[in-house]
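What follows is a single structure, written as structure tokens, with notes after it.
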Amino acid sequence: MKDTLILAIESSCDETAASVVKNGRTIMSNVISSQIALHTLYGGVVPEIASRKHIEKINQVIEQALSEANVSLDDLDAIGVTYGPGLVGALLVGVAEAKAIAYARKLPLVGVHHIEGHVSANYIEHPDLEPPFLCLIVSGGHTHLVIVKDYGEFEILGRTRDDAAGEAFDKVARAIGLGYPGGPKVDKLAKEGNADAIEFPRAKVGDNPYDFSFSGVKSAVLNYINNANMKGEEVNRADLAASFQKAVVDVLVEHTMLAAKNLGMNKIAIAGGVASNGALREAMQKACDENNYTFYRPSPIFCTDNAAMIGVAAYYEYQKGTRHGLDLNAVPNLKLGER
Ligand code: KG4
Ligand code: ZN
């Protein structure tokens, strides 16, 4: 059978990325141009700067992805591109680029939901993984516990009522002076701290046992720092980072295990930037081992934003017949499950 080659483009936030994916599961190239150093100066992603940088980099990132994969535009079967959710000006760069290539080469265009991409990152290194499975999605903008019923089909069991998990990491990092990007810095510092040093609240939210809330733990951290400052006491930042991280990870693992048990699911996956967190990976692995569940997680490079995961998702959408016209637009608040 002839191979299906997809060029995928991702530009929803602060990484300009392109990848060539063969038959949905083989990554021929995965080029990521990160803008982190630029946004660090401002303590977070500045949307206009992100758009401008995407425009500057996108052609060279695509050229590199094609050359590393050793293919030309003539070899491609389709173009996949993230069209939401994300920063509108950033998304538009990738969408416009994908449309231009699709038009010039008369190739099918497949718009991809960014979060469907994150979930699909799990297919890259786990050739045996197929739906249905349970997936915890934890990124900078999303915290969802879902059943992946089929490729690109999700049943949302729970979601955050306030901050996303990654957002909580970023805010706590800022509060203890670690700066942007917060998650990886908290992860690193926490390794030197005692996770049982400070007891932070594990939020319970109302009627849905699978929902999350992280604003309480974030406020508790800020209060803890204020109290210490008022008393003139030094905060042990490593202990604080480790204790905060444990409070978040405990809840993420607990809710996931509860859903697995209640719904009889024995395949558990994690996805999104926070899925690269060392403590979360370890705790989820341990909980899965104890319960005889199989645990799937992408390598850290496929957890944070990349285009390989978009290419994988695009392949399964392409197989299902999903095609977008040249009127495809960026949808900054695209909901999971929407097309
Ligand atoms: O998935 P992602 O790259 O972008 C979004 O779609 O949002 O996720 C970015 C988020 C940021 O909040 C970042 O701080 C967090 O993921 N993150 C981490 C780690 N690496 C990235 N959080 C905790 N531990 C990490 N190692
Ligand atoms: Zn993402």
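The values are calculated or read from the model by the stated rules, or taken from the named source; none is laboratory data. Bear in mind that the values here come from a model prediction, so they are computed numbers and not experimental data. Glycine gets a Cβ as well: all are built from the backbone with ideal geometry, and neighbour counts include every protein chain shown. Side chains included, ligands, DNA and RNA excluded: accessible areas come from the protein's heavy atoms. Shrake-Rupley method; radii C 1.70, N 1.55, O 1.52, S 1.80 Å.
Observations
- Extension reserve of the LYS320-THR4 stretch, reckoned as 0.36 nm per residue once the Cα distance is removed: 112.4 nm
- Spacing of the two label points (7 Å from each Cα toward its C-beta) at ASP250 and ALA100, in nm: 5.2 nm
- Kirkwood-type hydrodynamic radius, segment 1-73: 13.0 Å, calculated from all non-identical alpha-carbon pairs.
- Rounded to whole Hz, the Karplus (6.51, -1.76, 1.60) HN-Hα couplings of segment 111-125, x for glycine and proline: x, 10, 6, 3, 6, 4, x, 4, 4, 5, 4, 5, 6, 4, 9
- Computed lengthening from GLN60 to ASP75, 0.36 nm per intervening residue step minus Cα-Cα distance: 3.6 nm
- Cross-link reach list, aspartates and glutamates versus LYS286, counting only Cα pairs under 19 Å and skipping chain neighbours closer than eight places: ASP187, ASP196, ASP250, GLU254
- Cross-linked pairs LYS57/LYS171; LYS188/LYS267; LYS2/LYS22; LYS22/LYS53; LYS261/LYS335; LYS218/LYS246: Cα-Cα separations exceed 18 Å for LYS57/LYS171; LYS188/LYS267; LYS22/LYS53; LYS261/LYS335.
- Spread over its residues, the convex hull of the C-alpha atoms of segment 11-51 is 69 Å³ per residue.
- The chain: proportion of alpha-carbon pairs further apart than 26 angstrom, %: 48 percent
- Selection among PHE212, LEU91, PRO131 by position relative to the dipole of segment 86-237 gives LEU91 as farthest towards the positive end (Cβ unit charges, Cα centre).
- Computed over the alpha-carbon atoms, segment 75-159 gives an Rg to Rh ratio of 1.03, Rh here being the Kirkwood radius from the mean inverse distance.
- Against the main long axis of the alpha-carbon atoms of the chain, helix 278-291 sits at an angle near 90°.
- The chain: most fluctuating residue of ASN229, ASN329, ASN291 per GNM, C-alpha cutoff 10 Å: ASN229
- Extension gain for the segment GLU192 to GLU282, taken as residue separation times 0.36 nm less the Cα-Cα distance, is 30.8 nm to one decimal.
- Percent carbon-and-sulfur accessible area, the chain, ignoring ligands, DNA and RNA, probe 1.4 Å: 49 percent
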